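Accompanying notes for the structure given below.
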Amino acid sequence: MDKLGSIFLPPAKSTIAGEVDALFNFITGTSLLILVAIMAVVIYLIIKYKRKSDDDVTSLNDHNTALEIVWSIIPVFLVVYVFYRGFTDYIKIGSAPDDAYEIQVIGQKWNWTFKYANGNTSPNELHVPAGRPVKLVMQSRDVLHSFFIPDYRVKHDVIPGRYTSLWFEALEPGESTVFCTEYCGTSHSDMMAKVIVHTGEEFDQWLKESGGRPSDMPLAEYGKQLYSKSGCQTCHSIDGTKLVGPSYKGAFGSTHTFADGTSAVVDENYLKNSILNPNAQVVAGYAPVMPTYQGILSNDDIDAIIEFIKELK
Amino acid sequence: MDNTTTSPNIGLKIKRFTSPDHPEVNFAQAEKGIKAWLTTIDHKKIGLMYLGSIAFFFFIGGLLALLLRLELWTPAKTFLDADAYNQVFTLHGAIMIFLVLVPSVPAALGNFFLPIMVGAKDVAFPRLNLLSFYIYLTGAFFSLYSIVTGAVDTGWTFYTPYSAQTSASVVSMTFGVFVLGFSSILTGLNFIVTIHKLRVPGLTWGKLPLFLWSIYATSVIQILATPVLAITLLLLIMERTLKIGIFDPTLGGDPVLYQHFFWFYSHPAVYIMILPGFGVISEIIGIFSKRRVFGYWFIALSSMAIALMGFLVWGHHMFVSGQSTLSSVVFSLITFFVGIPTGIKIFNWVATMYKGSISLRTPMWYALMFLFLFTIGGFTGVMLGTLSVDVHLHDTYYVVAHFHYVMMGGMLVAFLGGIHLWWPKMTGRMYNEKLANLSALLIFIGFNMTFFTQFILGAKGMPRRYYNYIDQFQSLHQFSTVGSWVLGLGFSIMLFYLLHSLGKKGVIAPKNPWGGRSLEWITQTPPVMENFEYTPVVIHGPYDFHKPIAEFEYGIEGSDSHVHDHHSDQHDNKHSVNA
C-alpha cells in the first residue's frame, strides 16, 4: 500500500505526514479492493445471466435478510474505524504543542509575509528550524486565503478580521512549497511561498542576519531582492510588460496619469506613497487592487526598492 | 382474465385497453407551431423544452471546460490570460451546476414522465409548470448576461469577502441563480402534489416506480433547501448594493458565516442532483435485468432518509475554514453515516442483476458505467470526509476529481442513461445503438483519462482554480487535457446520432422497445395529448416482469368515452385521485 501511496502523495516531510499518509493508503487500498470485488461480481453476473430469450424466467426474490445485514454492518465498522483514525489525527493537527516556536503570517493579495519574534520579516520565504514544532499565527489583510504546505499535509484558511493557526514540525533541513488554496483573484495561482528548513543552529544564525540589508550589499541590489521576494514581481514587470499594475521600467521620472484625471511625476515621494497607500493614486487603466505594505516593509526596505526602480531606465 | 372484469383490490369495473403502438395524433402533432410550444401547458412539451435548454447549456459549459483544459496545457499562459481563465472556470461551474445538473433529470425527464408514470393527464398545476420553465429561462438569461457585462470571476461558490469586493458583476450572476431557485421550488412543489394526489387507482406507494420515489425525495429537498440559497444570495446582493455588513469583515460581517449559509443549501443540492440519478439507474437495471429491483423499500426509503440527513452534513466542506473542531468532528461522523445507505444502494443494484436476464443495450451500458464511476466517487467521498486526510486534500484537484466522478460520472451518466432509455418514448424514434455504444465507450475512456489523473494531481498538492502551476505537474495536466478531447469526441458522436434519429432516415420506435412494465411503456409512442385515451389502473408492481404484459393494460371501463370532451381541463383529473 505504500507503493500505492507514492503514486499519489508528495514526499512526507513533517512529523504528522506519516500518519495522514497511512490513513490515505488504507482508504485507497480498501476502496480499490471493494471496487474490484464489486466489478468482478458485475462482470460475472452479466456473463452468467446474459439474456438468452425474451421469455427468460427470472428470480422473484427481492430480499435476503442475512445478506443485507452483512452488507450493512461491514461498511458501518469500516467507516467508524476510518472516522476514528481521521478524528485522532485531526486533533493532533489542530493542537500545537505548548513549546512551539511562533511565527506570524500575513496573507494578502498576492503574497505571504512572515514575521519572527525578534521583529524581522521575510516576505514569501518561511524560515523554520528542523525538529522543532512551529506554530503559525495567521491573518489576512483582504480576502480569504488558505495556507497549504503539501509536503507537511497541513492547511488552514487565512481569514480577514480573525486569527487562525496551524502547526507542523519539519523532519529535516530542505525546501518545500507553500500554496494559497482559497481562490483570491487574478494572481491566486502565483501566491506561493517557499519553506526553508534549517538545522536549529543555522536557523538561529539566520534569524540574527535576516534583519535587513547586509552591510556590503548595494542598496539597489537589495531592492531587487525585495522586489522578487515581497511579491512586487507578481504585478509589476521590470521589462515593460503590462501586468496587473504598471511596469517599473522607465517609470521613474515619467508622468503618471490617474483614474481621476490628475497626474504626477514619479519621484521618491510618489513611490513611497504608492507602496504605503497604494490606492490613493491609481494609474488610469489599472484596478485599485494593490494591498498596503505598511508594517511589512521597513523605511530602509522602501528606500532600497525606490533605488532599484530608479535604475530601471 | 377476461377483457372486462372487476378488480378485487380496487373495486372498480376495469377493462383491458389495447391500442396500436402509434397514435393517430400524438402530443407534438396535437398543437402545432412555435407559439403552441411556447405557450403550452402540456408537461411533455415543457419537459422537452427543458431538455433542449439543458442540452444547450451543457454544450456551452462543455466548451468552456475544453477551453480550461487547453489553457492548462502549459504551466504558464497558453492562450487565455489569468482573468479570462478565472471567469471561464466560474462560468463553467455555475452553468453546469445551476443550469444543467440541478434541473437535468427532474425538470426534463421528470416533467415528461412523472405524470405518465402516475397515470395522470398532466402535473397538478400545469400553468405553474410553464411558469417554472420561464423563470428558469429568466434566471439563465441573467446568469449569461453577466458574461456580457464584465464576467464574474469568483468561482461558482461566490465566497465572501472576495465576491463582495471584486469589481466584476457578481450581482447579476447571483440574481440569476436567485431566480433559478424559484423555478426549482415551484417544480418541486408541483411534483409532490402530483405524486400525492394524481395517482391512478391501484398505484399504491408500494407500486410506485423507484424513479418517482427519487423525484419525490428530490422535490422535498428543493422546497426546503432552495429558500436558504435565495436568502444567502439576497444577503450577498444587499451587502454589495446597500453596504450592509453581513459577510464582509470590513463592514463588520463574518466571511465564514457565508460558507455556512452557502453549504447549508449546496450540500443538500448535491442530493438534489444525485437522487434523481439513483431513480433512473433503478429503472434501467430493473428493466434490463428483467427482474424485481432488489430491496425496493430500502432504495425508496433510503432516498428519503438521505434527503433529510443531507441537511446535516454541510460542515464537511469547512474542515479547514476556521469552524470549531467539535463541529468538524460531528459533521465528519454524520457524513460517514449518510454515505452508508448510498453504498448499500450499489449492492442492491448489483444484487438485482443476480438471476436476472441481462440485456446489454445502450441504457444498461450507461447504468454499468454509473456503477463503476459513482463507486469511485463515493469512495473518494469517504476519503474527503475523513478529517485528517481532508486537511491535505481540501481545495486541491482531488476534490475536483471527486465531484466530477459524483456529478458527471454519477449524475450526468445517469441522465444520459435516462435519455437513452426514454428517447424512443419521447421522440418515437430509435437511435443507432452501434454509434450509441461507441459514444458511451469514448465517454467512459475520456472521462477516466481526464478525471482519474486529477486524483493524482490533487493528492500531490495541485490546488484547484490555478491558472499557473508548477512545472512538475505538466505531464499529468496534459494527459488530463487529452482525455477531455476524447470526452468531447464521445459527446459529438452522441449529438450526431440523436439528431440523425429525428431526421427522415430515423427508425420508428415501437411503444415498448425494452419490455418495461411501468405506465409510460403501456401508453402509445409518442404519447397522446393527456397521455392516455382512458384512465389506467395498476394491478401489479412496476418490476413484475413475470406477469404477462396484458395485465398491465387495464383501465377503468368507460373512461375512454369522455376524454376528448374535457380537453386539458384539470378538474378532469379528479377521478384519478387515489383516495
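The values are calculated or read from the model by the stated rules, or taken from the named source; none is laboratory data. As the structure is a computational prediction, the values presented were derived from the model and not from experiment. As a convention, Cβ positions derive from the backbone with ideal geometry for all residues, glycine included, and neighbour counts pool all protein chains shown. We work out accessible area using only protein heavy atoms, side chains counted, and drop any ligands, DNA or RNA first. Shrake-Rupley method; radii C 1.70, N 1.55, O 1.52, S 1.80 Å.
Matching residues to (1) touching a Gly at 6+ places or on another chain (Cβ under 8 Å); (2) closer than 28 Å to B:A107 by Cβ; (3) among the small types (G, A, S):
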| site | (1), (2), (3) |
| --- | --- |
| B:G410 | yes, yes, yes |
| B:A414 | yes, yes, yes |
| B:L435 | no, yes, no |
| B:T450 | yes, yes, no |
| B:R465 | yes, no, no |
| B:T481 | no, no, no |
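Screening region A:271-298 for residues that are assigned to a helix (DSSP H, G or I) and among the hydrophobic types (A, V, I, L, M, F, W, C) and picking the one that is farthest from A:L312 (Cα to Cα) gives A:L276. As a summary of the residue check, A:V57 satisfies the conditions (1) out of contact with any strand residue (DSSP E or B) (no Cβ under 9 Å at 6 or more places or on another chain); (2) touching a residue at least 60 places away in the same chain (Cβ under 8 Å); (3) not polar (S, T, N, Q) except for the one numbered (2). The set of residues from region B:345-389 being facing chain A (nearest Cβ under 7 Å) and within 30 Å of A:E19 (Cα to Cα) comprises B:F372, B:T375, B:I376, B:F379, B:V382, B:M383, B:T386, B:L387, B:S388, B:V389. Filtering region B:201-224 to residues that are buried (at least 23 other Cβ atoms within 10 Å of the Cβ) and more than 16 Å from the chain's Cα centre (by Cα) leaves B:P201, B:L203, B:P209.
In this structure, A:I159 does not satisfy being in contact (Cβ under 8 Å) with a residue 12 or more places away in the chain, out of contact with any Lys or Arg (no Cβ under 9 Å at 6 or more places or on another chain) and either more than 8 Å from chain B (Cβ to nearest Cβ) or open to solvent by 20 Å² or more (accessible area, probe 1.4 Å) (or both).
Filtering region B:457-482 to residues that are within 13 Å of another protein chain (Cβ to nearest Cβ), assigned to a helix (DSSP H, G or I), open to solvent by 30 Å² or more (accessible area, probe 1.4 Å) and not polar (S, T, N, Q) leaves B:D471, B:L476. Considering region B:306-328 alone, what residues qualify as being assigned to a helix (DSSP H, G or I), within 13 Å of another protein chain (Cβ to nearest Cβ) and surrounded by fewer than 19 Cβ atoms within 10 Å (Cβ to Cβ)? Passing the criteria: B:T325, B:L326, B:S327. Scoring B:G139 on the criteria (1) within 15 Å of B:G47 (Cα to Cα); (2) open to solvent by less than 10 Å² (accessible area, probe 1.4 Å); (3) in a helix (DSSP H, G or I) leaves a single failure, condition (1). Considering A:D142, A:D151, the condition of being in contact with a Lys or Arg (Cβ under 6 Å, 6 or more places away or on another chain), outside the structural domain of A:P11 (by TED's automatic domain parsing) and in a helix (DSSP H, G or I) is satisfied by A:D151 alone.
Of A:E175, A:E209, all but one fail to be open to solvent by 60 Å² or more (accessible area, probe 1.4 Å), modelled with pLDDT of 90 or more and more than 12 Å from chain B (Cβ to nearest Cβ); the exception is A:E175. Can you pull out every residue in region A:284-313 that is free of Cβ contacts under 8 Å to residues at least 40 places away in the same chain and buried (at least 17 other Cβ atoms within 10 Å of the Cβ)? If the condition is that a residue be free of Cβ contacts under 8 Å to residues at least 40 places away in the same chain and buried (at least 17 other Cβ atoms within 10 Å of the Cβ), then A:I302 is the only one that fits. Where helices (runs of 4 or more DSSP H) sit wholly within region B:1-114, those with at least 2 residues that are aliphatic (A, V, I, L, M) and in contact (Cβ under 8 Å) with a residue 40 or more places away in the chain occupy B:27-30, B:43-71, B:82-94.
Here is the figure for region B:515-564: residues that are more than 14 Å from every other protein chain (Cβ to nearest Cβ) and assigned to a helix (DSSP H, G or I) total 8. Scanning region B:530-579 for residues that are aliphatic (A, V, I, L, M), at pLDDT 50 or above and out of contact with any Lys or Arg (no Cβ under 6 Å at 6 or more places or on another chain) returns B:V537, B:I539, B:I549, B:A550, B:I556.
If you go through region A:10-57 and keep only what is touching a His at 6+ places or on another chain (Cβ under 8 Å) and either assigned by TED's automatic domain parsing to the domain that holds A:F87 or at positive phi (or both), you end up with A:V20, A:F24. Determine whether B:G490 is farther than 18 Å from B:A28 by Cα and in contact (Cβ under 8 Å) with a residue 60 or more places away in the chain. It is false that B:G490 is farther than 18 Å from B:A28 by Cα and in contact (Cβ under 8 Å) with a residue 60 or more places away in the chain. Within region B:68-79, being open to solvent by less than 60 Å² (accessible area, probe 1.4 Å) and either farther than 14 Å from A:S189 by Cα or within 11 Å of another protein chain (Cβ to nearest Cβ) (or both) holds for B:L68, B:R69, B:L72, B:P75, B:A76, B:T78.
For the subset of region A:1-53 comprising residues that are in a loop (DSSP other than H, G, I, E, B) and of a type in the set (A, V, I, L, M), which member is nearest to the other protein chains (Cβ to nearest Cβ)? Taking the candidates together, the pick is A:L9. The set of residues in region A:257-276 being open to solvent by less than 30 Å² (accessible area, probe 1.4 Å) and in contact with a helix residue (DSSP H, G or I) (Cβ under 8 Å, 6 or more places away or on another chain) consists of A:A264, A:L271, A:I275.
In the set (1) within 13 Å of another protein chain (Cβ to nearest Cβ); (2) within 23 Å of the chain's Cα centre (by Cα), the condition left unmet by B:P276 is number (1). Exactly one residue out of B:S388, B:S492 is of a type outside the set (K, R), in a helix (DSSP H, G or I) and buried (at least 24 other Cβ atoms within 10 Å of the Cβ): that is B:S388. Take the conditions within 7 Å of chain B (Cβ to nearest Cβ), touching a residue at least 40 places away in the same chain (Cβ under 8 Å) and buried (at least 20 other Cβ atoms within 10 Å of the Cβ) and apply them to A:S187. Does it pass? Judged against the criteria, A:S187 is a match.
Applying the set (1) under 18 Å from the mean Cα position of the chain (by Cα); (2) assigned to a loop (DSSP other than H, G, I, E, B); (3) over 25 Å from B:R464 (Cα atoms); (4) not aliphatic (A, V, I, L, M) to A:K135 leaves exactly one unmet item: (2). Only a single item in (1) facing another protein chain (nearest Cβ under 7 Å); (2) more than 24 Å from B:F298 (Cβ to Cβ) is not met by A:S95, and it is number (1).
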